[in-house]
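The values are calculated or read from the model by the stated rules, or taken from the named source; none is laboratory data. From a predicted model like this one, the values you see are computed outputs, not experimental measurements. Here Cβ is always computed from backbone atoms with ideal geometry, including for glycine, and neighbour counts include all displayed protein chains. The protein model used for the area step is the full one, side chains on, heavy atoms only, and it has no ligands, DNA or RNA in it. Shrake-Rupley method; radii C 1.70, N 1.55, O 1.52, S 1.80 Å.
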Amino acid sequence: MQAVILVGGQGTRLRPLTLTTPKPMMPMMNRPFLEFQVNLCRRHGVEEIILSTAYLPEVFQSHFGDGSRMGVRMVYVTEEEPLDTCGAVKNVERYIRGTFLVFNGDVLTDLDLTNLIAFHREKGGKATLYLTRVEDPTAYGLVPLDRRGRIIEFLEKPSWDQVTTDLINAGTYVLEPELLERVPEGEPYSFERQLFPQLLEDGVPMYGFPSEAYWMDIGTPAKYLQAHYDILRRRLPFRFEGREIKPSVWVGEGTDIHPEAAVFGPTVIGPGCRIEAHATVSSNCVLGPECRIGEGSHLEGAVLHEGCRVDAGCVLRSCVLSRGVRLGERVHVSDRAVLGEGVRVGPDNDLRCGIRVWPGADIPPETLKF
Ligand code: GDD
Ligand code: MG
């Protein structure tokens, strides 16, 4: 089986994190996110993955290379101009040899792909879409089914008055290659707004595969954080790295935790970190490699990428610090605040309410207060 993973989006809803790293390569539990999808594919017998890139393509290639380290064959195809979701697949048509899988590159799931493929073959449709249930379908593609599981409509980003079901497109498809004959070459074309509605209009059989598997689109800061919390709470399988020094507290090599610091699980502290005296790293934290947490600082639900430095007396709650962020003393960061790469915050600032700070910004002492 072959899989095409769509990774060409700009990840605008996750800016400023995605200004320097494409969304599918963002650290998730200290691993590039895409490794989760690659591992899922490999576990279900996918041998070749075609990465459809458009934005910052070199980041993917330099990490995965030919894919052999992950046990798959990796092929890269880069669009000169973004071709949208379906145009992107048309653009890799020359590599497709039979029934194949398509993934949105920003979805975390432990779906049983083997079952999905078997269901597709059993129903004999031209396309099968993995569906999941969400509370607010308006941010997704709405997919009502008839009693036999056939898709009757596809409504991308519906308004509430169009919502007739809580089943949405989970962003994983099994497709027959002949569908691509209908797609124009070299121009933007969308699965969600063009191909799927057109197929339904033409009476082409498409089926939905609703599943209760874990599912999360990591495309906003709140969901990016939630995905970490869910993995920490083992809502989907994950091989934790490092040493489990107490239940659900995983610590990487060379990390130094002061005897008078406190660490509570579930939490992951990467390699080469230093946690100083009276600091507390509480539940739901993930610290990247080489982070330093100063004396008396308190962290809870915080995700820190590589090389962050937090000085004494800081409080971090439900926030994301990108690579190399530096916080002066007594800085508070909370409420889904997101700090871009290399941001420096002077002492006595308070960042909250979903504030987003541009990469490299320098906030002078006592500037942001509530
Ligand atoms: N190669 C390429 N070229 N990839 C693209 C392009 C493009 O021009 N545009 C978007 N992508 C990739 C993105 O990188 C992402 O992995 C995927 O296509 C989906 O794009 P998003 O921007 O994340 O779409 P969405 O989340 O608003 O909606 C989609 O996903 C939902 C589930 O998470 C739709 O498929 C919805 O129907 C679906 O419910
Ligand atoms: Mg998305």
Note to self: From zero outward in steps of 5 Å, how is the percent of C-alpha pairs of the stretch 243-363 spread across the bins?
What the structure shows: 3, 13, 24, 29, 18, 9, 3, 0
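Past 26 Å, Cα to Cα: identify those pairs from LYS90/LYS123; LYS23/LYS369; LYS90/LYS157; LYS126/LYS157; LYS23/LYS246, in the order given. Before the final figure, lay out each step's value.
On the way: LYS90/LYS123 24 Å; LYS23/LYS369 31 Å; LYS90/LYS157 23 Å; LYS126/LYS157 23 Å; LYS23/LYS246 32 Å.
Violating the 26 Å Cα-Cα cut-off are LYS23/LYS369; LYS23/LYS246.
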Next item on the list: Just name one of LEU200, ASN30, ALA261: the one whose Cα is farthest towards the positive end of the charge dipole of the chain (beta-carbon charges, Lys/Arg +1, Asp/Glu -1).
Entry: ALA261
Notebook entry, point to check: Can you give the convex hull volume per residue for the Cα atoms of the stretch 134-291, as a whole number of Å³?
Noted result: 171
Check: Tilt of helix 113-123 relative to the longest C-alpha principal axis of the chain, in degrees (0 to 90, nearest 10)?
Finding: 20
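Which percentage, to the nearest 5, of the DSSP beta bridges contained in the chain is antiparallel? All intermediate terms of the calculation are to be shown ahead of the outcome.
Numbers: 23 of 82 bridges.
Here the antiparallel bridges make up roughly 30 percent for the chain.
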Checklist line | the chain, accessible area per residue, ligands and nucleic acids excluded (1.4 Å, Å²) | finding: 43
Next item on the list: Can you tell me the relative contact order of the chain? Whole percent, Cα pairs under 8 Å, sequence separation 6 or more.
Entry: 12
Check: How much solvent-accessible surface does TRP215 expose, in Å² to the nearest 10, with a 1.4 Å probe and all protein chains in place?
Finding: 30
Note to self: I'm checking a number: the convex hull volume of the Cα atoms of the chain, normalised per residue, in Å³. What is it?
What the structure shows: 134
Note to self: Roughly how far apart, in whole Å, are the Cα centres of the stretch 1-41 and the stretch 249-274?
What the structure shows: 26
Margin query: What is the angle, in °, between the Cα long axis of helix 34-43 and the longest principal axis of the Cα atoms in the chain? Nearest 10 is fine, range 0 to 90.
Written below: 50
Check: For the chain, what does -39500 (n - 2.57) per DSSP helix run (n ≥ 4), summed and divided by total residues, give at 222 nm, in deg cm²/dmol to the nearest 500?
Finding: -4000 deg cm²/dmol
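Return the carbon/sulfur percentage of the accessible area of the stretch 202-241, one whole number, probe 1.4 Å, all protein chains in place.
49
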Check: Hey, if we sort THR12, THR53, THR165 by accessible area with the 1.4 Å probe, largest down, what's the order?
Finding: THR12, THR165, THR53
Check: Hey, if we sort LYS223, LYS157 by accessible area with the 1.4 Å probe, largest down, what's the order?
Finding: LYS157, LYS223
Next item on the list: With springs connecting C-alpha atoms under 10 Å apart, model the chain as a Gaussian network and identify which of ARG150, ARG97, ARG344 has the largest mean-square fluctuation.
Entry: ARG97
Next item on the list: Calculate what fraction, in whole %, of the accessible area of the stretch 243-363 sits on carbon and sulfur atoms when a 1.4 Å probe is rolled over the protein chains.
Entry: 44
Notebook entry, point to check: Ignoring ligands, DNA and RNA, what percent of the 1.4 Å accessible area of the stretch 16-81 is carbon and sulfur?
Noted result: 46
Next item on the list: Run the quick spin-label model on GLU35 and ASP66: label points 7 Å from Cα toward the beta carbon, then report their separation in nm to one decimal.
Entry: 2.1
